[in-house]
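Asks: There's a structure below that I have some questions on.
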Amino acid sequence: MLHRELETVSKKDLEKLQFERLKKSLAAATKAPYYQKLFKEHNIHVDSIRTLEHIKDLPFVTKNDLRLSYPDGMVAVPKSDIVRMHASSGTTGKSTVIFYTMNDINAWADLLARCMAATGATREDVFQNMMGYGLFTGGLGLHYGAERLGCLVIPSASGNTLRQIQLMQDFRTTIIHITPSYALHLAEEIAAQGINPRDLSVKKAYLGAEPYSEATRNKIEAQWGMHAYNSYGLSELNGPGVAFECVHRCGMHLWEDYYYMEIINPDTGEVLPDGEEGELVLTHLNREAMPMLRYRTRDLTRIIPGQCACGRTHRRIDRIKGRTDDMLIVGGVNVFPSQIETVLMNIPEVGNNYQIVLDREGGLDRIHVKVELYSKMFSGDIKNIDNLKKMIVERLRALIVVNPRVELLEPGSLPPSTGKAVRVIDNRKL
Ligand code: ADP
Ligand code: ZN
(Lines give C-alpha, C1' and ligand atoms only; values in the text may rest on other atoms or scores of the structure.)
(Ligands and ions follow the chains in the order given, each with its own letter.)
Protein backbone atom coordinates (compact mmCIF):
# COMPACT_ATOMS: atom_id res chain seq x y z
CA MET A 1 0.00 0.00 0.00
CA LEU A 2 1.18 3.54 -0.69
CA HIS A 3 1.57 5.95 2.21
CA ARG A 4 -1.53 7.90 1.13
CA GLU A 5 -3.64 4.73 1.23
CA LEU A 6 -2.07 3.63 4.49
CA GLU A 7 -2.86 6.94 6.14
CA THR A 8 -6.55 6.72 5.33
CA VAL A 9 -6.92 2.94 5.70
CA SER A 10 -10.23 1.67 7.11
CA LYS A 11 -10.31 0.36 10.68
CA LYS A 12 -10.91 -3.16 9.42
CA ASP A 13 -7.99 -3.14 6.98
CA LEU A 14 -5.76 -1.47 9.55
CA GLU A 15 -6.46 -4.16 12.13
CA LYS A 16 -5.76 -6.86 9.56
CA LEU A 17 -2.43 -5.23 8.70
CA GLN A 18 -1.58 -4.72 12.35
CA PHE A 19 -2.17 -8.37 13.12
CA GLU A 20 -0.05 -9.58 10.19
CA ARG A 21 2.74 -7.29 11.31
CA LEU A 22 2.37 -8.23 14.97
CA LYS A 23 2.97 -11.88 14.03
CA LYS A 24 6.20 -10.83 12.36
CA SER A 25 7.30 -8.81 15.40
CA LEU A 26 6.57 -11.77 17.65
CA ALA A 27 8.52 -14.14 15.43
CA ALA A 28 11.42 -11.68 15.40
CA ALA A 29 11.27 -11.26 19.18
CA THR A 30 11.75 -14.99 19.74
CA LYS A 31 15.29 -14.54 18.37
CA ALA A 32 16.25 -12.09 21.16
CA PRO A 33 17.66 -13.55 24.41
CA TYR A 34 15.53 -11.19 26.53
CA TYR A 35 12.24 -12.30 24.98
CA GLN A 36 13.26 -15.98 24.94
CA LYS A 37 13.69 -15.82 28.70
CA LEU A 38 10.54 -13.73 29.21
CA PHE A 39 8.35 -16.05 27.14
CA LYS A 40 9.72 -19.08 28.95
CA GLU A 41 9.14 -17.54 32.38
CA HIS A 42 5.55 -16.60 31.51
CA ASN A 43 4.91 -19.77 29.54
CA ILE A 44 4.01 -17.81 26.42
CA HIS A 45 3.82 -19.45 23.02
CA VAL A 46 3.67 -16.83 20.30
CA ASP A 47 1.34 -19.06 18.25
CA SER A 48 -1.30 -18.65 20.95
CA ILE A 49 -1.58 -14.93 20.02
CA ARG A 50 -4.35 -15.42 17.47
CA THR A 51 -5.96 -11.97 17.49
CA LEU A 52 -4.82 -8.43 18.22
CA GLU A 53 -6.70 -8.62 21.51
CA HIS A 54 -4.40 -11.41 22.67
CA ILE A 55 -1.59 -8.90 22.87
CA LYS A 56 -2.88 -8.37 26.42
CA ASP A 57 -1.43 -11.79 27.31
CA LEU A 58 2.08 -10.42 26.90
CA PRO A 59 3.80 -8.83 29.89
CA PHE A 60 4.91 -5.20 29.67
CA VAL A 61 8.48 -4.21 28.89
CA THR A 62 9.95 -1.32 30.88
CA LYS A 63 12.89 1.01 30.54
CA ASN A 64 14.48 -0.92 33.38
CA ASP A 65 14.22 -4.16 31.40
CA LEU A 66 16.10 -2.40 28.61
CA ARG A 67 18.72 -1.23 31.04
CA LEU A 68 19.10 -4.74 32.48
CA SER A 69 19.49 -6.27 29.03
CA TYR A 70 22.11 -3.67 28.08
CA PRO A 71 23.82 -3.70 25.66
CA ASP A 72 22.28 -6.23 23.28
CA GLY A 73 19.91 -8.57 25.15
CA MET A 74 16.94 -7.39 23.05
CA VAL A 75 18.64 -7.63 19.67
CA ALA A 76 16.77 -10.01 17.36
CA VAL A 77 19.06 -10.12 14.30
CA PRO A 78 22.68 -11.16 13.65
CA LYS A 79 25.15 -8.41 14.44
CA SER A 80 26.15 -8.19 10.77
CA ASP A 81 22.60 -7.01 9.87
CA ILE A 82 22.82 -3.99 12.18
CA VAL A 83 23.81 -0.72 10.53
CA ARG A 84 23.18 1.91 13.22
CA MET A 85 22.84 2.46 16.94
CA HIS A 86 21.38 5.34 18.91
CA ALA A 87 20.89 5.99 22.61
CA SER A 88 18.21 7.75 24.63
CA SER A 89 19.09 11.09 26.21
CA GLY A 90 19.34 9.63 29.70
CA THR A 91 16.91 12.17 31.18
CA THR A 92 15.83 9.75 33.91
CA GLY A 93 18.92 7.58 34.40
CA LYS A 94 21.29 5.42 32.42
CA SER A 95 20.73 5.76 28.65
CA THR A 96 19.27 2.84 26.79
CA VAL A 97 20.77 1.72 23.49
CA ILE A 98 18.81 0.97 20.33
CA PHE A 99 19.90 -0.77 17.13
CA TYR A 100 18.59 -0.58 13.54
CA THR A 101 18.88 -2.68 10.39
CA MET A 102 18.93 -0.97 6.98
CA ASN A 103 15.22 -1.78 6.59
CA ASP A 104 14.54 -0.15 9.97
CA ILE A 105 16.38 3.01 8.93
CA ASN A 106 14.49 3.16 5.63
CA ALA A 107 11.10 2.58 7.24
CA TRP A 108 11.86 5.28 9.80
CA ALA A 109 12.85 7.80 7.10
CA ASP A 110 9.62 7.00 5.21
CA LEU A 111 7.63 7.60 8.36
CA LEU A 112 9.21 10.97 9.05
CA ALA A 113 8.70 12.04 5.45
CA ARG A 114 5.04 11.15 6.02
CA CYS A 115 4.94 13.25 9.21
CA MET A 116 6.44 16.26 7.47
CA ALA A 117 4.14 15.91 4.46
CA ALA A 118 1.17 15.87 6.85
CA THR A 119 2.17 19.38 7.95
CA GLY A 120 2.22 20.57 4.35
CA ALA A 121 6.03 20.40 3.92
CA THR A 122 7.30 19.85 0.36
CA ARG A 123 10.56 19.55 -1.55
CA GLU A 124 10.57 23.35 -1.84
CA ASP A 125 11.19 23.72 1.90
CA VAL A 126 14.47 24.56 3.59
CA PHE A 127 14.66 22.52 6.77
CA GLN A 128 17.01 23.65 9.54
CA ASN A 129 17.47 20.85 12.03
CA MET A 130 18.38 22.33 15.42
CA MET A 131 18.19 19.07 17.37
CA GLY A 132 21.28 17.30 18.68
CA TYR A 133 22.97 15.04 16.15
CA GLY A 134 24.86 11.94 17.20
CA LEU A 135 23.53 9.32 19.59
CA PHE A 136 20.31 11.30 20.22
CA THR A 137 17.60 10.22 17.75
CA GLY A 138 16.11 13.70 17.26
CA GLY A 139 18.75 14.97 14.84
CA LEU A 140 19.39 12.11 12.44
CA GLY A 141 15.79 10.88 12.57
CA LEU A 142 14.21 13.99 11.06
CA HIS A 143 17.29 14.55 8.89
CA TYR A 144 16.68 11.38 6.89
CA GLY A 145 12.93 12.03 6.71
CA ALA A 146 13.42 15.56 5.37
CA GLU A 147 15.87 14.33 2.74
CA ARG A 148 13.45 11.63 1.70
CA LEU A 149 10.78 14.26 1.24
CA GLY A 150 13.26 16.24 -0.86
CA CYS A 151 13.80 19.31 1.33
CA LEU A 152 17.08 21.14 1.49
CA VAL A 153 18.39 20.04 4.88
CA ILE A 154 20.64 22.25 7.00
CA PRO A 155 22.09 19.96 9.69
CA SER A 156 22.93 22.83 12.04
CA ALA A 157 22.37 20.72 15.19
CA SER A 158 21.65 22.30 18.59
CA GLY A 159 23.41 25.31 20.10
CA ASN A 160 25.68 27.89 18.43
CA THR A 161 22.86 30.40 18.43
CA LEU A 162 24.45 33.17 16.36
CA ARG A 163 25.28 30.72 13.60
CA GLN A 164 21.71 29.40 13.64
CA ILE A 165 20.43 32.93 13.07
CA GLN A 166 22.92 33.53 10.25
CA LEU A 167 21.92 30.26 8.53
CA MET A 168 18.23 31.06 8.84
CA GLN A 169 18.79 34.41 7.19
CA ASP A 170 21.25 33.39 4.47
CA PHE A 171 19.39 30.27 3.31
CA ARG A 172 15.87 31.48 3.99
CA THR A 173 14.95 28.60 6.25
CA THR A 174 11.23 27.76 6.10
CA ILE A 175 10.99 24.95 8.69
CA ILE A 176 12.85 24.54 11.96
CA HIS A 177 13.04 21.46 14.16
CA ILE A 178 13.75 22.54 17.71
CA THR A 179 12.90 21.94 21.36
CA PRO A 180 10.25 24.37 22.66
CA SER A 181 12.64 25.69 25.32
CA TYR A 182 15.27 26.49 22.70
CA ALA A 183 12.65 28.08 20.42
CA LEU A 184 11.84 30.55 23.23
CA HIS A 185 15.50 31.27 23.91
CA LEU A 186 16.34 31.64 20.22
CA ALA A 187 13.52 34.15 19.68
CA GLU A 188 15.03 36.25 22.46
CA GLU A 189 18.51 36.09 20.92
CA ILE A 190 17.14 37.03 17.50
CA ALA A 191 15.40 40.04 19.01
CA ALA A 192 18.66 40.98 20.75
CA GLN A 193 20.23 41.21 17.28
CA GLY A 194 17.64 43.81 16.39
CA ILE A 195 15.74 41.36 14.17
CA ASN A 196 12.06 40.55 14.53
CA PRO A 197 11.72 36.73 14.30
CA ARG A 198 8.47 37.33 12.38
CA ASP A 199 10.48 38.93 9.57
CA LEU A 200 12.45 35.72 8.96
CA SER A 201 11.15 33.21 6.38
CA VAL A 202 10.38 30.52 8.97
CA LYS A 203 6.80 29.28 8.47
CA LYS A 204 6.73 26.09 10.52
CA ALA A 205 8.38 24.61 13.59
CA TYR A 206 8.38 21.00 14.70
CA LEU A 207 8.49 21.11 18.48
CA GLY A 208 9.22 18.04 20.55
CA ALA A 209 11.57 16.06 22.78
CA GLU A 210 10.20 17.59 26.00
CA PRO A 211 6.80 18.33 27.50
CA TYR A 212 5.36 21.79 26.96
CA SER A 213 1.96 23.39 27.36
CA GLU A 214 -0.50 24.73 24.80
CA ALA A 215 0.20 28.18 26.30
CA THR A 216 3.87 27.79 25.36
CA ARG A 217 2.96 26.74 21.83
CA ASN A 218 0.79 29.85 21.49
CA LYS A 219 3.59 32.03 22.78
CA ILE A 220 6.14 30.55 20.34
CA GLU A 221 3.72 30.90 17.43
CA ALA A 222 3.10 34.55 18.28
CA GLN A 223 6.80 35.36 18.72
CA TRP A 224 7.81 33.75 15.45
CA GLY A 225 4.67 34.34 13.38
CA MET A 226 4.55 30.69 12.32
CA HIS A 227 2.70 27.45 12.95
CA ALA A 228 4.16 25.05 15.50
CA TYR A 229 3.50 21.32 15.17
CA ASN A 230 3.81 18.91 18.05
CA SER A 231 6.18 16.01 17.39
CA TYR A 232 6.42 13.00 19.67
CA GLY A 233 8.73 10.03 19.80
CA LEU A 234 11.15 8.17 22.00
CA SER A 235 14.37 6.36 21.23
CA GLU A 236 13.12 2.95 22.29
CA LEU A 237 10.43 3.16 19.58
CA ASN A 238 12.85 4.46 16.86
CA GLY A 239 12.88 8.12 17.93
CA PRO A 240 10.78 10.97 16.51
CA GLY A 241 7.94 10.04 14.16
CA VAL A 242 5.80 7.98 16.56
CA ALA A 243 3.09 10.67 16.50
CA PHE A 244 2.89 14.02 14.72
CA GLU A 245 0.36 16.75 14.17
CA CYS A 246 -1.13 17.35 10.74
CA VAL A 247 -2.13 20.78 9.38
CA HIS A 248 -5.10 20.87 11.76
CA ARG A 249 -2.81 20.85 14.83
CA CYS A 250 -5.38 19.26 17.12
CA GLY A 251 -3.56 16.26 18.57
CA MET A 252 -0.89 14.00 17.10
CA HIS A 253 -1.72 11.18 14.69
CA LEU A 254 -0.06 8.09 16.12
CA TRP A 255 0.95 6.00 13.11
CA GLU A 256 -0.90 2.80 13.77
CA ASP A 257 0.59 0.83 10.90
CA TYR A 258 3.98 1.18 12.64
CA TYR A 259 2.88 1.07 16.28
CA TYR A 260 0.13 -0.73 18.15
CA MET A 261 -1.04 1.57 20.93
CA GLU A 262 -2.69 1.00 24.28
CA ILE A 263 -3.41 3.43 27.11
CA ILE A 264 -3.18 1.83 30.52
CA ASN A 265 -3.82 2.75 34.11
CA PRO A 266 -0.21 3.13 35.28
CA ASP A 267 -1.03 1.72 38.72
CA THR A 268 -2.96 -1.39 37.72
CA GLY A 269 -1.87 -2.05 34.12
CA GLU A 270 -5.54 -2.19 33.04
CA VAL A 271 -6.18 -1.11 29.44
CA LEU A 272 -8.32 2.06 29.33
CA PRO A 273 -10.92 3.07 26.72
CA ASP A 274 -10.34 5.89 24.19
CA GLY A 275 -10.59 9.30 25.84
CA GLU A 276 -9.27 8.30 29.26
CA GLU A 277 -5.91 9.57 30.39
CA GLY A 278 -3.19 7.08 31.22
CA GLU A 279 0.22 5.76 30.25
CA LEU A 280 0.97 5.11 26.60
CA VAL A 281 2.11 1.56 25.81
CA LEU A 282 3.52 0.83 22.36
CA THR A 283 4.33 -2.28 20.33
CA HIS A 284 6.48 -2.16 17.21
CA LEU A 285 4.77 -3.50 14.13
CA ASN A 286 7.62 -3.31 11.65
CA ARG A 287 10.92 -3.37 13.39
CA GLU A 288 13.64 -5.91 12.68
CA ALA A 289 16.67 -5.24 14.87
CA MET A 290 14.98 -4.61 18.20
CA PRO A 291 11.20 -5.03 18.32
CA MET A 292 9.54 -3.69 21.45
CA LEU A 293 6.48 -5.53 22.69
CA ARG A 294 4.13 -3.61 24.99
CA TYR A 295 6.75 -1.04 25.93
CA ARG A 296 5.68 1.21 28.81
CA THR A 297 6.64 4.72 27.67
CA ARG A 298 5.79 6.29 31.07
CA ASP A 299 4.32 9.18 29.06
CA LEU A 300 0.84 10.31 30.07
CA THR A 301 -1.73 11.13 27.41
CA ARG A 302 -5.12 10.06 26.10
CA ILE A 303 -6.54 9.01 22.76
CA ILE A 304 -8.63 11.83 21.31
CA PRO A 305 -11.96 10.28 20.33
CA GLY A 306 -13.37 10.99 16.87
CA GLN A 307 -11.99 11.68 13.40
CA CYS A 308 -9.56 14.38 12.33
CA ALA A 309 -10.75 16.76 9.63
CA CYS A 310 -7.73 15.83 7.47
CA GLY A 311 -9.22 12.40 6.72
CA ARG A 312 -6.34 10.39 8.17
CA THR A 313 -7.79 7.47 10.07
CA HIS A 314 -4.90 6.92 12.50
CA ARG A 315 -6.07 7.92 15.95
CA ARG A 316 -4.67 11.03 17.61
CA ILE A 317 -3.06 11.34 21.02
CA ASP A 318 -3.26 14.44 23.16
CA ARG A 319 -0.30 16.59 24.18
CA ILE A 320 1.92 14.61 26.58
CA LYS A 321 1.22 15.80 30.12
CA GLY A 322 4.60 14.54 31.37
CA ARG A 323 6.13 11.27 32.43
CA THR A 324 4.64 9.26 35.25
CA ASP A 325 7.87 9.89 37.14
CA ASP A 326 7.77 13.67 36.50
CA MET A 327 4.91 14.07 38.92
CA LEU A 328 5.85 16.28 41.86
CA ILE A 329 4.33 15.69 45.24
CA VAL A 330 4.44 19.00 47.08
CA GLY A 331 2.95 19.00 50.54
CA GLY A 332 0.92 15.92 49.61
CA VAL A 333 -0.54 17.46 46.45
CA ASN A 334 0.27 15.89 43.07
CA VAL A 335 1.25 18.31 40.37
CA PHE A 336 2.95 18.05 36.98
CA PRO A 337 5.52 20.65 35.94
CA SER A 338 3.44 21.14 32.77
CA GLN A 339 0.53 22.39 34.92
CA ILE A 340 2.78 24.97 36.56
CA GLU A 341 4.02 25.94 33.09
CA THR A 342 0.44 26.48 31.90
CA VAL A 343 -0.21 28.89 34.77
CA LEU A 344 2.97 30.85 34.08
CA MET A 345 2.82 30.99 30.30
CA ASN A 346 -0.78 32.21 30.31
CA ILE A 347 0.40 35.40 31.99
CA PRO A 348 1.41 37.86 29.24
CA GLU A 349 4.14 39.57 31.30
CA VAL A 350 5.96 36.28 31.84
CA GLY A 351 8.98 35.86 29.58
CA ASN A 352 10.61 32.79 28.11
CA ASN A 353 12.17 30.85 30.96
CA TYR A 354 11.30 29.54 34.40
CA GLN A 355 12.59 27.09 36.96
CA ILE A 356 11.03 25.16 39.82
CA VAL A 357 13.16 24.43 42.89
CA LEU A 358 11.94 22.12 45.64
CA ASP A 359 13.37 21.93 49.14
CA ARG A 360 12.40 20.48 52.48
CA GLU A 361 12.62 22.74 55.52
CA GLY A 362 11.69 21.50 58.97
CA GLY A 363 9.88 18.51 57.47
CA LEU A 364 7.79 20.71 55.16
CA ASP A 365 7.99 20.93 51.38
CA ARG A 366 8.93 24.33 50.01
CA ILE A 367 8.45 25.30 46.41
CA HIS A 368 10.37 28.16 44.87
CA VAL A 369 9.36 29.27 41.38
CA LYS A 370 11.80 31.48 39.49
CA VAL A 371 10.23 33.31 36.58
CA GLU A 372 11.83 35.50 33.93
CA LEU A 373 9.77 38.53 32.86
CA TYR A 374 10.04 40.60 29.69
CA SER A 375 12.57 43.40 30.16
CA LYS A 376 9.98 46.17 29.69
CA MET A 377 8.48 45.15 33.02
CA PHE A 378 11.62 46.31 34.82
CA SER A 379 11.60 49.81 33.39
CA GLY A 380 8.13 50.57 34.75
CA ASP A 381 6.66 51.11 38.20
CA ILE A 382 7.96 48.75 40.89
CA LYS A 383 4.39 48.49 42.17
CA ASN A 384 3.40 46.72 38.96
CA ILE A 385 6.01 44.06 39.66
CA ASP A 386 4.71 43.61 43.20
CA ASN A 387 1.17 43.20 41.95
CA LEU A 388 2.28 40.74 39.31
CA LYS A 389 4.12 38.72 41.90
CA LYS A 390 1.02 38.59 44.09
CA MET A 391 -1.04 37.41 41.15
CA ILE A 392 1.42 34.65 40.24
CA VAL A 393 1.57 33.47 43.86
CA GLU A 394 -2.24 33.31 43.99
CA ARG A 395 -2.63 31.46 40.71
CA LEU A 396 0.04 28.94 41.68
CA ARG A 397 -1.43 28.47 45.11
CA ALA A 398 -4.77 27.59 43.55
CA LEU A 399 -2.99 24.71 41.80
CA ILE A 400 -0.45 23.48 44.32
CA VAL A 401 -2.17 24.47 47.58
CA VAL A 402 1.11 25.19 49.41
CA ASN A 403 2.37 28.74 49.44
CA PRO A 404 5.01 29.15 46.73
CA ARG A 405 7.93 31.54 46.90
CA VAL A 406 7.95 33.42 43.61
CA GLU A 407 11.00 35.25 42.35
CA LEU A 408 10.73 37.51 39.32
CA LEU A 409 13.87 37.84 37.25
CA GLU A 410 15.20 39.80 34.30
CA PRO A 411 15.47 37.96 30.98
CA GLY A 412 18.60 35.83 30.70
CA SER A 413 18.93 35.25 34.47
CA LEU A 414 18.22 31.51 34.31
CA PRO A 415 20.40 29.01 32.45
CA PRO A 416 19.24 28.94 28.80
CA SER A 417 18.33 25.65 27.16
CA THR A 418 19.55 24.56 23.74
CA GLY A 419 18.23 21.01 24.05
CA LYS A 420 15.96 19.33 26.59
CA ALA A 421 15.36 21.89 29.33
CA VAL A 422 15.90 21.08 32.99
CA ARG A 423 13.00 22.88 34.64
CA VAL A 424 12.82 21.16 38.01
CA ILE A 425 15.53 21.01 40.65
CA ASP A 426 14.40 18.77 43.46
CA ASN A 427 16.80 19.20 46.39
CA ARG A 428 14.58 16.97 48.54
CA LYS A 429 16.04 13.93 46.85
CA LEU A 430 19.64 14.81 47.68
P1 ADP B 1 15.00 10.03 27.45
O2 ADP B 1 13.87 9.10 27.80
O3 ADP B 1 16.30 9.63 28.07
O4 ADP B 1 14.69 11.49 27.57
P5 ADP B 1 14.57 10.21 24.57
O6 ADP B 1 15.55 11.14 23.97
O7 ADP B 1 14.25 8.99 23.82
O8 ADP B 1 15.21 9.77 25.92
O9 ADP B 1 13.28 11.04 24.91
C10 ADP B 1 11.97 10.57 24.71
C11 ADP B 1 11.05 11.21 25.70
O12 ADP B 1 10.97 12.64 25.49
C13 ADP B 1 9.63 10.74 25.59
O14 ADP B 1 9.41 9.50 26.25
C15 ADP B 1 8.86 11.89 26.23
O16 ADP B 1 8.88 11.80 27.64
C17 ADP B 1 9.66 13.12 25.81
N18 ADP B 1 9.03 13.73 24.63
C19 ADP B 1 9.37 13.56 23.33
N20 ADP B 1 8.57 14.30 22.52
C21 ADP B 1 7.69 14.94 23.31
C22 ADP B 1 6.58 15.84 23.08
N23 ADP B 1 6.24 16.26 21.87
N24 ADP B 1 5.90 16.27 24.16
C25 ADP B 1 6.23 15.86 25.40
N26 ADP B 1 7.24 15.04 25.69
C27 ADP B 1 7.97 14.57 24.66
ZN1 ZN C 1 -5.22 15.14 10.88
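The values are calculated or read from the model by the stated rules, or taken from the named source; none is laboratory data. Here the structure is a predicted model, which is why all the values come from computation and not from measurement. Heads up, the Cβs are rebuilt from the backbone with ideal geometry, glycines too, and the neighbour counts pull from every protein chain shown. For accessibility, only protein heavy atoms count, side chains too; no ligands or nucleic acids. Shrake-Rupley method; radii C 1.70, N 1.55, O 1.52, S 1.80 Å.
Asks: At 7 Å along Cα-to-Cβ for each site, give me the label-to-label distance between Lys56 and Asp426 in nm.
Replies: For the pair Lys56/Asp426, the computed spacing is 3.2 nm.
Asks: Suppose R0 equals 35 Å. What FRET efficiency, 1/(1 + (r/R0)^6) with r the Cβ-Cβ distance, do Asn265 and Val402 give to the nearest 0.05?
Replies: 0.80
Asks: Dipole of the chain, Cα-centred, from +1 at each Lys and Arg C-beta and -1 at each Asp and Glu C-beta, to the nearest 20 debye?
Replies: Value, rounded to 20: 240 debye.
Asks: If R₀ is 60 angstrom, what is the calculated FRET efficiency for the pair Asn196 and Lys79, using the beta carbon separation as r and rounding to 0.05?
Replies: The pair Asn196/Lys79 has a calculated efficiency of 0.70.
Asks: How much length, in nm to one decimal, is gained on full extension between Glu214 and Asn43, taken as 0.36 nm per residue of separation minus their Cα-Cα distance?
Replies: That works out to 57.1 nm of additional length.
Asks: Another question, then. Which semi-axes, in whole Å and largest first, does the equivalent ellipsoid of the chain have when worked out from the alpha carbon gyration tensor as the square roots of 5 times its eigenvalues?
Replies: 37, 27, 19
Asks: Also, quick follow-up: Decide, for segment 74-131, between rounded, prolate and oblate: order the square roots of the alpha carbon gyration tensor eigenvalues as a ≥ b ≥ c, take rounded if a/c falls under 1.5, and otherwise choose prolate if a/b is larger than b/c, else oblate.
Replies: oblate
Asks: Excluding Val77 itself, calculate the net charge of residues whose Cβ lies under 15 Å from the Cβ of Val77, where each Lys or Arg counts +1 and each Asp or Glu counts -1.
Replies: Summing Lys and Arg as +1 and Asp and Glu as -1 gives +1.
Asks: Moving on. Roughly how many debye, to the nearest 20, is the charge dipole of segment 1-152 about its Cα centre, given +1 on each Lys and Arg Cβ, -1 on each Asp and Glu Cβ, and no other charges?
Replies: Roughly 340 debye, rounded to the nearest 20.
Asks: For a protection proxy built on the mean count of beta-carbon atoms within 10 angstrom, sort 87-96, 256-265 highest first, please.
Replies: Most protected by this proxy first, the peptides run 256-265, 87-96.
Asks: What angle do you read, to the nearest 10 degrees and between 0 and 90, between the alpha-carbon axis of helix 11-29 and the longest principal axis of the chain?
Replies: Relative to the chain, helix 11-29 is tipped by roughly 80 degrees.
Asks: Give me the net charge for the shell around Asp426: Cβ to Cβ below 12 angstrom, other residues only, Lys and Arg +1, Asp and Glu -1.
Replies: Combined, the nearby Lys, Arg, Asp and Glu give +1.
Asks: Another question, then. Per residue, what accessible area does the chain have, given a 1.4 Å probe and all protein chains present, in Å²?
Replies: 44 Å²
Asks: Taking 7 Å along the Cα-to-C-beta vector as the label spot, tell me the Arg249-Arg4 distance in nanometres, rounded to one decimal.
Replies: My value for the distance between the label points is 2.6 nm.
Asks: Among the aspartates and glutamates, which fall within straight-line cross-link reach of Lys321, defined as a Cα-Cα distance under 15 Å, with same-chain neighbours fewer than 8 residues apart omitted?
Replies: Partners within reach: Glu210, Glu214, Glu276, Glu277, Glu279, Asp299, Glu341.
Asks: Along each of the three principal axes of the Cα atoms of segment 295-337, give the extent in whole Å, ordering the values from largest to smallest.
Replies: 46, 22, 13
Asks: In degrees from 0 to 90, rounded to the nearest 10, what is the angle of the helix 102-118 Cα long axis to the longest principal axis of the chain?
Replies: 50 degrees
Asks: Farthest toward the dipole's positive end in segment 1-324, which of Tyr229, Val77, Thr297, given Cβ charges of +1 (Lys, Arg) and -1 (Asp, Glu) about the Cα centre?
Replies: Of Tyr229, Val77, Thr297, it is Val77.
Asks: If you don't mind, there's one more thing I want to ask. Considering only protein heavy atoms and a probe of 1.4 Å, how much of the accessible area of the chain is carbon and sulfur, as a whole percent?
Replies: The computed percentage sits at 51.
Asks: Only Lys, Arg, Asp and Glu count, each charged at its Cβ (+1, +1, -1, -1), so figure out the dipole size of segment 328-429 about its Cα centre, rounded to 20 debye.
Replies: Dipole size: approximately 180 debye.
Asks: Sort segment 364-430 into rounded, prolate or oblate with this rule: let a ≥ b ≥ c be the square roots of the eigenvalues of the Cα gyration tensor; rounded if a/c is under 1.5, and if a/c is not under 1.5, prolate when a/b is larger than b/c, oblate otherwise.
Replies: It is oblate, given that a/c is not under 1.5 and a/b is not larger than b/c.
Asks: Relative to the present Cα-Cα distance, how much length would full extension add between Asp386 and Ala87 at 0.36 nm per residue of separation?
Replies: Going from the current span to full extension adds 103.1 nm.
Asks: Which of the lysines could be linked to Lys23 by a straight reach, that is with a Cα gap under 16 Å, when you skip same-chain ones fewer than 8 residues away?
Replies: Within reach: Lys31, Lys56.
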